[in-house]
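Single-structure report; data block below.
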Amino acid sequence: MTKRRSVIIGTGSYLPQTVLSNDDLAARLDTSDAWIVERTGICSRHVAAPGEFTSDLGAEAARRALAAAGCTPADIDLIVVATATPDQTFPAVATVIQHKLGMTHGAAFDVAAVCSGFLYALTVADALLASGGYGRALVIGAETMTRLLDWDDRTTAVLFGDGAGAVVLEAQMQPGSAADRGVLASRLHSDGRYNDLLHVDGGPSSTGTTGHLRMKGREVFRHAVVNLASVMGEVLEAAGLTAADVTWLVPHQANLRILEATARKLNLPADRVVITVDRHANTSAASVPLALDAAVRDGRIQPGDLVLLEAMGGGFTWGAAAVRW
Ligand code: UT7
């Protein structure tokens, strides 16, 4: 039996030039480097320049992923962008990136699942590739989260950063076993009861403003560990694998303590977890592809490795995917 699998053939990422340290934030907020490092593991974050938009970050990450894959925009027929911070309310950032890449063919759209957005975008692109209707997709997570922050709120202002990550997915016929390359399984969940624990207090249809990010961090933390452990188990079972098969965990980078707790639930040693939260902070939908690209480029992720991706965010939404490199 053969199966049409979505294989990641290239990764790329982009971080804006300006770096904001914890001390920079402590200079204008009632916080400290010691508190931020101890409670979150974050040391610094990147901030987009004035006039630099989510689509600029995403387009640059996409160019780098295309170069790594040995592809040009002409080889791509689908663009899916995960973002909670579009340049404009509409059109979709995906179509802006499509234009910036010089493409006039294919389909391009955004998905909104906040921090889980990349898992949602990957799952949707995988399904479209599996349908046979598309051959190669750019899946991008791109965010300018700092534009949603209330800079007077120390409970959220210290947590987020800007950036983008991208992968090129290619449909390839594979033997149809757990040893196949590509996305072996993915699972998505949502539960809208928890909207108030992590949301933006504005929007085009409610206030006519963009609004600011609001979070009850302690409650989100509690749900995150439980939900992530559960969906990781689900996805491994769906792929016919166990936690012992995982080579690398590439988690959403919200808080070092959540990363460590989820790795412990899998009995995975700390050196098998890709960590970028220290220098990227929480970049929402960009965090998983940013971490993935870091581990691919420094040679940690090698052909044959089983890579487990997971994320949880506003909605609540959460998801995981098992990908063979
Ligand atoms: O990406 C989507 C998913 N998001 C997450 O997964 C985030 C999950 N939550 C977290 O990462 C953590 O809950 C936080 C990092 C947001 C907060 O850490 P915590 O250990 O849960 O702290 P806390 O909210 O319980 O606050 C402890 C204390 C409070 O003071 P009191 O009430 O004990 O006097 C806060 O006011 O720390 C205070 N605090 C701060 N102090 C210095 C909150 N923010 C700061 C700050 N600097 N920036």
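Miscellaneous remarks
- Residue within segment 133-151 that is within 16 Å of the ligand (Cβ to nearest atom), more than 21 Å from the chain's Cα centre (by Cα) and modelled with pLDDT of 95 or more present: yes
- Scanning segment 166-180 for residues that are over 17 Å from the mean Cα position of the chain (by Cα) and under 22 Å from Ala67 (Cβ atoms), we see that the one that is surrounded by the fewest Cβ atoms within 10 Å (Cβ to Cβ) is Gln172.
- Tally of residues being over 21 Å from Arg39 (Cβ atoms), out of contact with any Pro (no Cβ under 8 Å at 6 or more places or on another chain) and surrounded by 24 or more Cβ atoms within 10 Å (Cβ to Cβ) across segment 137-165: 5
- Of the helices (runs of 4 or more DSSP H) lying entirely inside segment 244-325, those carrying at least 1 residues that are of a type in the set (Gly, Ala, Ser) and within 16 Å of the ligand (Cβ to nearest atom) are 256-265, 287-297.
- Cβ-Cβ under 8 Å pairs, at least 6 apart or on other chains, segment 44-62 side basic (Lys, Arg), far side assigned to a helix (DSSP H, G or I): Arg45/Thr146; Arg45/Arg279; Arg45/His280
- If you go through segment 221-240 and keep only what is within 9 Å of the ligand (Cβ to nearest atom) and either in contact (Cβ under 8 Å) with a residue 60 or more places away in the chain or not assigned by TED's automatic domain parsing to the domain that holds Leu259 (or both), you end up with His223, Ala224.
- Counted residues, segment 38-63 - those being within 16 Å of the ligand (Cβ to nearest atom), out of contact with any Asp or Glu (no Cβ under 9 Å at 6 or more places or on another chain) and basic (Lys, Arg): 1
- Flag for Gly299 being more than 19 Å from Gly165 (Cβ to Cβ) and modelled with pLDDT of 95 or more: no
- Counted residues, segment 214-255 - those being open to solvent by less than 10 Å² (accessible area, probe 1.4 Å), of a type in the set (A, V, I, L, M, F, W, C) and under 26 Å from Asp150 (Cβ atoms): 1
- Filter result (over 12 Å from Leu228 (Cα atoms) and either in contact (Cβ under 8 Å) with a residue 60 or more places away in the chain or open to solvent by less than 10 Å² (accessible area, probe 1.4 Å) (or both)) within segment 305-325: Leu306, Val307, Gly314, Gly315, Ala322, Val323, Arg324, Trp325
- Enumeration of residues in segment 44-77 that are closer than 17 Å to Gly161 by Cβ and open to solvent by 60 Å² or more (accessible area, probe 1.4 Å): Pro50, Phe53
- Index of the failed condition, Arg187 passing every other in (1) open to solvent by 70 Å² or more (accessible area, probe 1.4 Å); (2) within 16 Å of the ligand (Cβ to nearest atom); (3) in contact with a strand residue (DSSP E or B) (Cβ under 7 Å, 6 or more places away or on another chain): (2)
- Residue within segment 99-114 that is open to solvent by 10 Å² or more (accessible area, probe 1.4 Å), in a helix (DSSP H, G or I), touching a helix residue (DSSP H, G or I) at 6+ places or on another chain (Cβ under 7 Å) and within 27 Å of Arg5 (Cα to Cα) present: yes
- Qualifying residue in segment 199-206 (condition: aliphatic (A, V, I, L, M), closer than 22 Å to Cys43 by Cβ, crowded, with 18+ Cβ neighbours inside 10 Å and within 14 Å of the ligand (Cβ to nearest atom)): no
- Scanning segment 9-32 for residues that are open to solvent by 60 Å² or more (accessible area, probe 1.4 Å) and not small (Gly, Ala, Ser) yields Gln17, Thr18, Val19, Asp23, Asp24, Arg28, Asp30.
- The residues listed here are Phe118, Phe90; of these, the one that is under 27 Å from Ser190 (Cα atoms), free of Cβ contacts under 8 Å to residues at least 24 places away in the same chain and either over 17 Å from the mean Cα position of the chain (by Cα) or in a helix (DSSP H, G or I) (or both) is Phe90.
The values are calculated or read from the model by the stated rules, or taken from the named source; none is laboratory data. Predicted model, so just to flag it, every value in this text is computed and none were measured. When we count neighbours, we look across all protein chains shown, and the Cβ atoms used for this are built from the backbone with ideal geometry, even at glycine. Areas reflect the complete protein model, heavy atoms only, side chains present, ligands, DNA and RNA absent. Shrake-Rupley method; radii C 1.70, N 1.55, O 1.52, S 1.80 Å.
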